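The values are calculated or read from the model by the stated rules, or taken from the named source; none is laboratory data. It should be emphasised that the depicted structure is a prediction, and the values quoted were computed from it without experimental measurement. Cβ: placed from backbone, ideal geometry, glycine included. Neighbour counts: every protein chain shown. Surface areas here come from the heavy atoms of the whole protein model, side chains and all, with no ligands, DNA or RNA. Shrake-Rupley method; radii C 1.70, N 1.55, O 1.52, S 1.80 Å.
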Amino acid sequence: VSATAARIGSRSGSTRTERLRLALATALIAAAAAHLPPLTDHLHEAPWMGWLFVAFIGAALGSAAGTLLTSTTGPAKASIGLTLAALATYCATRLLPLPQLADDVGDWLDPWGLTSVALELTALVIAVQLRRQAGRQEKGARAL
Amino acid sequence: VTIEAPHQDPVRLELREQSRFVAVRNGLLAVIGVLALLAAAITGHAVAPAAAPAETSADAGFARDMTAHHAQAVQMAEIIRTRTGSAAIRTIATDVSLTQTAQMGIMQGWLSAWGLPYGSTAPRMAWMSDDQDHMAAMTAHQPAPLPSSAAMPGMAKPADIRRLQTLPVTDADRLFLQLMIAHHRGGIQMAAAGEELASRTEVQQLASRIASSQRAEITQMQTLLAAPTRS
């Protein structure tokens with residue numbers, strides 16, 4: 001009985017992990033997409049930030065693809081680092097007069113900025129859950 | 001002992017779940033591909049240098065012909081600035097001279113940056129040849145005919161320039177205002193065509209600024225021309 005229950009529990013955990021992977025990939029794709037509309041303006045007005053946007057889009061899409069194609073926890077860890085870095089950069093641009101971006105100081109309600117922050121937070125929460133889920137599954141496998 | 005519901009086949013359920021996961025995953029991978037291409041296209045478009053206008057383009061023609069047009073305005077303004085006894089006319093002449101000299105520098109800077117010569121063997125105003133209807137419509141709305149037989153609208157004749165230097169000062173002041181009003185009207189026609197035909201944003205913006213500033217100066221000069229005395 002205990003072996004069957006463990007198998008069922010393992011299957012349900014695996015399903016939950018797969019759902020979390022899909023959710024994380026979706027959130028990362030949406031966060032990358034939210035960086036596309038202001039990309040041209042940034043590349044013209046503050047090229048260094050434009051290239052950071054390009055790097056974020058590339059990293060977010062890469063992490064999303066990694067999340068979908070592998071079962072390792074690497075992409076989830078990368079997503080946590082990436083979203084934390086993006087959130088920190090957003091706060092820095094709103095608090096400090098960075099080169100060519102002094103106008104952004106205090107502009108917390110910029111629609112694309114808010115959208116990005118919401119999606120990055122969502123991706124961060126899902127990535128943390130995915131990491132925990134993977135940890136629980138590892139423990140369960142060891143117990144068996 | 002089984003704890004699974006008898007009507008549900010767990011293997012079939014898992015297979016169904018798996019195929020659904022694979023379908024969603026493939027869809028998301030396709031979206032990732034599309035977004036990556038879109039990001040690359042946007043970045044490439046934003047950082048690629050804009051192509052320089054061609055030798056025969058409206059942009060180059062406008063820059064060359066407006067430079068020549070401005071040169072005569074500066075010449076007339078400099079003649080009257082040194083002769084006039086009217087502070088108001090001296091102010092306008094100085095303004096025309098400084099503004100249009102600066103604009104000539106901008107336009108020659110464009111030609112230099114585009115790798116094009118300042119002069120051209122193409123006939124004057126050839127760049128406006130596609131805009132004859134526009135020119136005709138604008139000319140029809142002019143309150144007075146342009147006192148110039150030159151190819152560029154509003155250009156003063158060499159004899160008028162000589163008269164500016166030789167007429168008594170009060171007559172020269174009056175002639176300057178008449179010539180400069182006509183010259184500005186011609187400049188506004190060229191600027192309107194430039195704004196419409198040029199492809200570069202900076203050319204369109206300068207053309208727009210030229211038209212609006214020359215309209216304002218025409219009003220000023222008409223007021224001076226209508227005043228019984230100028231001092």
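Numbers for the structure displayed
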item: Shielding by partners - mean other protein chain Cβ count within 10 Å, residues of A:49-62; result: 3
item: Column: log10 I(q)/I(0), Debye, Cα scatterers of chain B, q = 0.09 Å⁻¹; result: -0.50
item: Residue B:169 versus residue A:102: modelled label distance in nm, points set 7 Å from Cα along the beta carbon direction; result: 4.8
item: Å³ per residue enclosed by the Cα convex hull of segment A:30-103; result: 77
item: In Å², nearest 10: area of residue B:95 left accessible to a 1.4 Å probe; result: 70
item: FRET efficiency estimate (nearest 0.05) - Cβ-Cβ, residue B:11 to residue A:73, R0 30 angstrom; result: 0.60
item: Cα-projected label distance for residue B:23 with residue A:55, points at 7 Å along beta-carbon direction, nm; result: 4.0
item: Volume in Å³ per residue [convex hull over Cα atoms, computed for segment A:82-132]; result: 68
item: Shielding of A:68-78 by partner chains, average beta-carbon count, 10 Å; result: 1
item: Stokes-Einstein D for chain A, Kirkwood Rh over Cα pairs, 20 °C, 1.002 mPa s (µm²/s); result: 130
item: Segment B:17-91 and segment A:115-142: distance between their alpha carbon centers, rounded to Å; result: 45
item: Relative intensity, log₁₀ I(q)/I(0), of the protein assembly as shown from a Debye sum that treats every alpha carbon as a point, q = 0.07, 0.09, 0.11, 0.14 Å⁻¹; result: -0.57, -0.72, -0.86, -1.08
item: Segment residue A:110-residue A:85, length gained on full extension (0.36 nm per residue, minus Cα span); result: 7.1 nm
item: Modelled FRET efficiency - R0 25 Å, residue B:159 with residue B:225, Cβ distances, 0.05 increments; result: 0.75
item: Computed FRET value (nearest 0.05) for residue B:101 with residue B:208, which takes r as the C-beta separation and R₀ as 25 Å; result: 0.80
item: Solvent-accessible area per residue, Å², over segment A:30-130 with all protein chains present [probe radius 1.4 Å]; result: 46
item: Estimated distance in nm for a label pair at residue B:38 and residue B:216, the labels positioned 7 Å out from Cα along Cα-to-Cβ; result: 4.3
item: Carbon/sulfur fraction of accessible area - the protein assembly as shown, other protein chains in place, 1.4 Å, %; result: 61
